[in-house]
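Have a look at the structure below, then the notes.
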Amino acid sequence: MKERGWTEIPIGGIIEDAGNAATYETGSWRTYRPIWDSEACIDCLRCWVACPDSSIELADGKIAGIDYDHCKGCGICSFECPVDPKAIQMKLETDVAKK
Ligand code: SF4
Ligand code: SF4
(Lines give C-alpha, C1' and ligand atoms only; values in the text may rest on other atoms or scores of the structure.)
(Ligands and ions follow the chains in the order given, each with its own letter.)
Protein backbone atom coordinates (compact mmCIF):
# COMPACT_ATOMS: atom_id res chain seq x y z
CA MET A 1 0.00 0.00 0.00
CA LYS A 2 1.31 3.45 -0.94
CA GLU A 3 1.88 5.72 2.05
CA ARG A 4 0.05 9.05 1.94
CA GLY A 5 1.82 12.38 2.00
CA TRP A 6 0.83 15.01 4.58
CA THR A 7 -1.49 16.76 2.12
CA GLU A 8 -3.42 13.51 1.54
CA ILE A 9 -3.99 12.51 5.19
CA PRO A 10 -7.61 13.12 6.36
CA ILE A 11 -8.11 15.96 8.87
CA GLY A 12 -7.48 14.63 12.37
CA GLY A 13 -5.81 11.51 10.95
CA ILE A 14 -9.13 9.68 11.05
CA ILE A 15 -9.34 6.17 9.62
CA GLU A 16 -11.90 6.24 6.82
CA ASP A 17 -12.06 2.57 5.90
CA ALA A 18 -13.28 -0.19 8.23
CA GLY A 19 -11.55 -3.57 8.54
CA ASN A 20 -8.00 -2.32 8.14
CA ALA A 21 -6.67 -4.02 11.32
CA ALA A 22 -6.37 -7.31 9.44
CA THR A 23 -3.56 -5.91 7.32
CA TYR A 24 -1.63 -4.59 10.34
CA GLU A 25 0.67 -7.44 11.29
CA THR A 26 1.36 -6.84 14.96
CA GLY A 27 3.27 -10.12 15.09
CA SER A 28 6.16 -8.42 13.32
CA TRP A 29 7.21 -6.62 16.51
CA ARG A 30 6.45 -9.39 19.02
CA THR A 31 9.14 -10.08 21.67
CA TYR A 32 7.59 -13.23 23.19
CA ARG A 33 5.94 -16.02 21.20
CA PRO A 34 3.18 -18.18 22.69
CA ILE A 35 3.93 -21.85 22.10
CA TRP A 36 0.82 -24.01 22.25
CA ASP A 37 1.05 -27.65 23.39
CA SER A 38 -1.84 -29.55 21.83
CA GLU A 39 -1.17 -32.56 24.08
CA ALA A 40 -1.50 -30.52 27.30
CA CYS A 41 -4.46 -28.43 26.08
CA ILE A 42 -7.91 -29.34 27.47
CA ASP A 43 -9.77 -27.08 24.97
CA CYS A 44 -11.36 -24.94 27.66
CA LEU A 45 -11.16 -21.95 25.25
CA ARG A 46 -10.14 -19.47 27.97
CA CYS A 47 -7.22 -18.30 25.83
CA TRP A 48 -9.53 -17.79 22.86
CA VAL A 49 -11.89 -15.63 24.94
CA ALA A 50 -9.07 -13.62 26.51
CA CYS A 51 -6.87 -12.91 23.48
CA PRO A 52 -7.23 -9.19 22.65
CA ASP A 53 -6.09 -9.75 19.06
CA SER A 54 -8.32 -12.70 18.15
CA SER A 55 -5.17 -14.65 17.41
CA ILE A 56 -6.21 -18.00 18.86
CA GLU A 57 -7.44 -20.05 15.93
CA LEU A 58 -10.38 -22.44 16.26
CA ALA A 59 -11.54 -25.43 14.24
CA ASP A 60 -14.66 -27.40 15.16
CA GLY A 61 -14.85 -25.68 18.56
CA LYS A 62 -11.28 -26.58 19.54
CA ILE A 63 -7.98 -24.72 19.51
CA ALA A 64 -6.26 -25.21 16.17
CA GLY A 65 -3.24 -22.95 16.52
CA ILE A 66 -2.07 -19.36 16.86
CA ASP A 67 -2.13 -16.66 14.21
CA TYR A 68 1.46 -15.41 14.49
CA ASP A 69 0.87 -12.64 11.93
CA HIS A 70 -1.39 -10.84 14.41
CA CYS A 71 -0.38 -12.19 17.85
CA LYS A 72 1.57 -9.41 19.58
CA GLY A 73 2.96 -11.65 22.31
CA CYS A 74 1.17 -10.07 25.28
CA GLY A 75 1.01 -13.39 27.17
CA ILE A 76 -2.61 -13.06 28.32
CA CYS A 77 -3.46 -16.45 26.78
CA SER A 78 -0.72 -18.13 28.80
CA PHE A 79 -1.71 -16.27 31.97
CA GLU A 80 -5.32 -17.40 31.62
CA CYS A 81 -4.51 -21.03 30.78
CA PRO A 82 -5.66 -23.17 33.77
CA VAL A 83 -3.46 -26.17 32.99
CA ASP A 84 -0.39 -26.77 35.16
CA PRO A 85 2.12 -26.63 33.57
CA LYS A 86 0.62 -24.16 31.08
CA ALA A 87 -0.53 -25.47 27.70
CA ILE A 88 0.67 -22.14 26.28
CA GLN A 89 4.23 -21.19 27.21
CA MET A 90 5.74 -17.79 26.36
CA LYS A 91 9.20 -18.04 24.77
CA LEU A 92 11.54 -15.29 23.66
CA GLU A 93 11.40 -14.91 19.87
CA THR A 94 15.18 -14.83 19.80
CA ASP A 95 15.34 -18.22 21.53
CA VAL A 96 12.67 -19.77 19.27
CA ALA A 97 14.39 -18.43 16.14
CA LYS A 98 17.65 -20.17 17.12
CA LYS A 99 16.02 -23.61 16.91
S1 SF4 B 1 0.18 -13.68 23.31
FE2 SF4 B 1 -1.52 -12.18 23.42
S3 SF4 B 1 -1.98 -11.70 21.28
FE4 SF4 B 1 -0.77 -13.59 21.26
S5 SF4 B 1 -2.25 -15.25 21.21
FE6 SF4 B 1 -1.72 -14.85 23.37
S7 SF4 B 1 -3.27 -13.42 24.12
FE8 SF4 B 1 -3.33 -13.39 21.86
S1 SF4 C 1 -6.49 -21.84 27.96
FE2 SF4 C 1 -4.94 -23.48 27.84
S3 SF4 C 1 -6.09 -25.40 28.13
FE4 SF4 C 1 -7.57 -23.79 27.64
S5 SF4 C 1 -7.84 -23.92 25.42
FE6 SF4 C 1 -6.24 -22.40 25.78
S7 SF4 C 1 -4.30 -23.55 25.69
FE8 SF4 C 1 -5.95 -25.03 25.91
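The values are calculated or read from the model by the stated rules, or taken from the named source; none is laboratory data. In this text, all values refer to a predicted model and were calculated from it rather than measured experimentally. In this analysis, Cβ positions are derived from the backbone assuming ideal geometry, glycine residues included, and neighbour counts consider all displayed protein chains. Accessible surface is based on the protein model in full, side chains and every heavy atom, while ligands, DNA and RNA are left aside. Shrake-Rupley method; radii C 1.70, N 1.55, O 1.52, S 1.80 Å.
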Neighbours by Cβ (under 7 Å, 6+ apart or cross-chain): first from region 60-82, farther than 15 Å from residue 26 by Cα; second more than 8 Å from ligand 1 (Cβ to nearest atom) and in a helix (DSSP H, G or I): 63/48; 80/46; 81/46; 82/46
Members of region 17-65 that are away from ligand 2 (no atom under 15 Å from the Cβ) and of a type in the set (S, T, N, Q): 20, 23, 26, 28, 31
Options 19, 12, 61: the member that is open to solvent by less than 60 Å² (accessible area, probe 1.4 Å), on the phi > 0 side of the Ramachandran plot, more than 13 Å from ligand 1 (Cβ to nearest atom) and out of contact with any strand residue (DSSP E or B) (no Cβ under 6 Å at 6 or more places or on another chain): 61
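Sort out which residues of region 38-53 are of a type outside the set (A, V, I, L, M) and open to solvent by 70 Å² or more (accessible area, probe 1.4 Å), and write them in order of number.
39, 46, 48, 52 - these are the residues of region 38-53 that are of a type outside the set (A, V, I, L, M) and open to solvent by 70 Å² or more (accessible area, probe 1.4 Å).
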Residue check, residue 76 modelled with pLDDT of 95 or more, within 24 Å of residue 19 (Cβ to Cβ) and open to solvent by less than 30 Å² (accessible area, probe 1.4 Å): no
